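Colleague: Provided herewith is a single structure, encoded as structure tokens, for subsequent inquiry.
Quick note: the coordinates plus some simple rules give every number you see, no bench work behind them. Keep in mind the model is a prediction, meaning the values are calculated, not measured.
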Amino acid sequence: MNNAIYNFALPQNEPVLEYKSNSNERKLLEIELQRQLNNPIEIPLIIGGKEIRTGQTGQVSLPSKHAHILATYHKASEKEVHMAIDAALQAHHIWADLSWTVRAAILLKAAELISGKYRALMNASTMLGQSKNIFQAEIDAVCETVDFLKFNAYFASKVYQMQPSSAFNQLNKMEFRPLEGFVFTVSPFNFTSIASNLNMAPVMMGNTTVWKPATTSLLSNYYLMKIFQEAGLPDGVVNFVPGSGALIGKTALASPDLAGIHFTGSNNTFNYLWKEVSTKITDYKSYPRLIGETGGKNFILAHPSAQAKKVAVNAYRGAFEYQGQKCSAASRMYIPVSIWPEVKEELLKISTSARMGDVTDPMNFVNAVIDEASFDNCMNYIKYAKESAEAEIIAGGNGDKSIGYFVEPTVIVTTNPKFKTMEEEIFGPILTVFVYEDSQLEETIELCNTTSPYGLTGAVFARDRVAASKICDQLIYAAGNFYINDKPTGAIVGLQPFGGSRASGTNDKAGGEFNLIRWITPRTIKETFQPATEYRYGYMME
Ligand code: NAD
């Protein structure tokens, strides 16, 4: 028993290590990369803390050399999904009743393990499995994962402090119950940190989860699950269930105990989940909370006062880091004709020097895309642009999938501001530019606002600060994360709460109190000190 009121201090963001040659972190990482490359592993399901091997298996391969197998994983059938739901429901009582500070301690220990003992393991598995270079892995698998864990403990302490006031003759309290049932978490391939957070945010608030990880990120996600266990997460609080999304989704959504879905991924999948829930709405014990962060068609808009070199460098990083496979990646750009020659020259200069290749060579800026479907999708858009009279490819435009899934960073210039690649999310290294007349700024802002259904990230570049501010106001619903003179990627937990509106999701800003509040269902308790003894009101007794 402890009656203290705990208050966690605002954490520091995890420092990004540099990995210079001969640094200790670089040596440890190189050893770990070789270890994982040379020792393929077997990935079981983990349900109620127990490893389960179904014998129905699939393989995880290296995107930059697809013949190289990193892991064999076991797939869930309906039976294992039911087992996972049962395990989550069973663990719910123990976990929900545990002091929230103990839950926070487990998150903080997981953060400590990832920041220290398992830093190389998490980075190497994310680099190899998800095709990220050192920097991209470090900012995701380590820094953002650690930040999510630490900031959620901190923000939970803020949420739990919220209490109603009490009036004469009464005491009012709010209890913050976790949702009643289990939370179905469905994670995307592109961020290890998101996979962690989709589970650990609801878990922090006392919920238990059934986790469907993306197949292409299974290597890092399996290690995450093992780290959660080592940090002290009780059996059944998170249940790791790889396999077919369609099968697992259908089975999980058929359960009357579904209390919520925590999703990040494509619109198609989230729309399917939403529709499926709506058709079964009368079957559920509670209205399931649906939290989903989805696609983007993120923009850079340069004002005529913008500095060309800064626009080009940030566009290159924003569009092509991690091969454009960040939900926040820039993929359409509006440049005034007055600065276009200089922006173009700078983009072409960078294009000829930025190298593409395997993640184990740290000099490669760009690596392979995640899988064959993604490669084919990118090449289809490139083919479409090549065949169009409205578009010209000024950089890249080639791909090769014979060994690994390599797509050159590609810059398309179009004369049609509504060209297909200006509108649709591609999720690959393709940036489309529309060059506008300086006198058409207002029309261009309107185009930027109305061209795509998404509203995730966007950036304006301008030296004219008043103009930047006006554009920021005009594009109020165009982006949930808006940047002035910066690339639209790289949001940091606690500094730029992340999420978009319109077709980009429910915008619950992962890593903060907005998101955590979705995972509780408060109970208000009123206690009256002197209950009424007379049924009539005063005026009735006159
Ligand atoms: P995806 O939708 O293909 O897959 C996401 C997850 O859903 C995977 O685990 C997949 O197996 C699972 N899934 C697929 N069908 C399912 C079904 N019927 N039932 C249950 N689960 C199912 O997305 P992806 O390719 O992994 O990720 C890329 C997408 O994610 C892009 O659209 C990107 O913009 C988006 N994304 C958004 C954010 C954000 O914060 N807005 C962040 C990262 C990624």
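Colleague: Tell me which aspartates and glutamates have Cα within less than 15 Å of Lys470's Cα, excluding those fewer than 8 residues away on the same chain?
Modeller: Glu442, Glu443, Glu446
Colleague: Turning to a different aspect of this structure: Compute the relative contact order of the stretch 298-484 as a whole-number percentage, counting only Cα pairs closer than 8 Å that sit 6 or more residues apart in sequence. If you can, show how the numbers build up before the last one.
Modeller: Working: 364 pairs, mean separation 52.9, N = 187.
For the stretch 298-484, the relative contact order is 28 percent.
Colleague: Which percentage, to the nearest 5, of the DSSP beta bridges contained in the chain is antiparallel? If you can, show how the numbers build up before the last one.
Modeller: Values: 29 of 72 bridges.
Of those bridges, close to 40 percent are antiparallel.
Colleague: Also: Expressed as a whole number of Å, what is the distance separating the alpha-carbon centroids of the stretch 200-241 and the stretch 280-347?
Modeller: 30 Å
Colleague: Mind checking which aspartates and glutamates have their Cα closer than 13 Å to the Cα of Lys526? Skip sequence neighbours fewer than 8 apart in that chain.
Modeller: Once the sequence-local aspartates and glutamates are set aside, what remains near Lys526 is Glu175.
Colleague: Which value, to two decimals, describes the C-alpha radius of gyration of the stretch 324-460 once divided by 2.2 N^0.38 Å? Each step should come with its number before you reach the end.
Modeller: Details: Rg = 15.2 Å, N = 137, 2.2 N^0.38 = 14.3 Å.
Compared with the compact-globule rule of thumb, the stretch 324-460 sits at 1.06.
Colleague: Run through all the Cα pairs of the stretch 198-253 and give the fraction in each 5 Å bin from 0, expressed as whole percent.
Modeller: 4, 18, 28, 26, 17, 6, 1
Colleague: Once the Cα gyration tensor of the chain is found, what semi-axes does its equivalent ellipsoid get, as square roots of 5 times the eigenvalues, in whole Å, sorted largest first?
Modeller: Numbers: eigenvalues 343, 187, 94 Å².
Each semi-axis is the square root of five times an eigenvalue, giving 41, 31, 22 Å.
Colleague: Cα centroids of the stretch 10-33 and the stretch 517-536: how far apart, whole angstrom?
Modeller: That distance is 53 Å.
Colleague: Then there is this: May I ask which of Lys132/Lys383; Lys79/Lys226; Lys65/Lys132; Lys418/Lys509; Lys309/Lys509; Lys310/Lys487 have a Cα-Cα span longer than 21 Å here? Could the numbers behind the result be given before it?
Modeller: Working: Lys132/Lys383 26 Å; Lys79/Lys226 23 Å; Lys65/Lys132 14 Å; Lys418/Lys509 29 Å; Lys309/Lys509 32 Å; Lys310/Lys487 10 Å.
From Lys132/Lys383; Lys79/Lys226; Lys65/Lys132; Lys418/Lys509; Lys309/Lys509; Lys310/Lys487, over 21 Å: Lys132/Lys383; Lys79/Lys226; Lys418/Lys509; Lys309/Lys509.
Colleague: What number, in percent, do you get for the relative contact order of the chain if the mean sequence gap of Cα pairs under 8 Å and at least 6 apart is divided by its residue count? Don't skip to the end; give the middle numbers.
Modeller: Details: 1176 pairs, mean separation 93.2, N = 542.
Reported as a whole number, the value is 17 percent.
Colleague: Please list, ordered by chain and number, the residues whose modelled amide H lies under 5 Å from the amide H of His68; skip anything fewer than 5 residues away on the same chain.
Modeller: Under 5 Å from the amide H of His68: Leu62.
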